[in-house]
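Notes follow once the structure below has been shown.
A short reminder: the numbers here are calculations on the coordinates, not readings from a lab. These numbers were taken from a predicted model, which means no experiment stands behind them. Positions of Cβ are backbone-derived with ideal geometry, glycine not excepted, and every protein chain shown enters the neighbour counts.
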Amino acid sequence: MDNEITPVDKFVLPIGRQEIELQRIVYESGGMPQLRVRIREGKRFTVFDVDPDSAARWGRAMIAWAEQERQ
């Protein structure tokens, strides 16, 4: 049995051209589902998994920042 990975979103940033990929991951060993964030910069990858509470906090902070900057 392998880890279960489901695509959530994928996009390229307009400045810097980094490729962002978000995936839902459930590990074979069990535990809570997590959000995998994969950032590709050329040949380099940064990958980390985020728990639901941290993802919610991060999302709220990003939305608040974006709304403030659009004014």
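Could you go through segment 1-19 and let me know if any residue there is more than 14 Å from the chain's Cα centre (by Cα), of a type outside the set (S, T, N, Q) and surrounded by 13 or more Cβ atoms within 10 Å (Cβ to Cβ). There is no residue in segment 1-19 that is more than 14 Å from the chain's Cα centre (by Cα), of a type outside the set (S, T, N, Q) and surrounded by 13 or more Cβ atoms within 10 Å (Cβ to Cβ). Inside segment 50-70, residues that are surrounded by 10 or more Cβ atoms within 10 Å (Cβ to Cβ) and over 18 Å from Q18 (Cα atoms) make up a count of 14.
Out of the residues in segment 25-46 that are of a type in the set (A, V, I, L, M) and under 13 Å from the mean Cα position of the chain (by Cα), state the one that is surrounded by the most Cβ atoms within 10 Å (Cβ to Cβ).
Per the criteria, the residue is L35.
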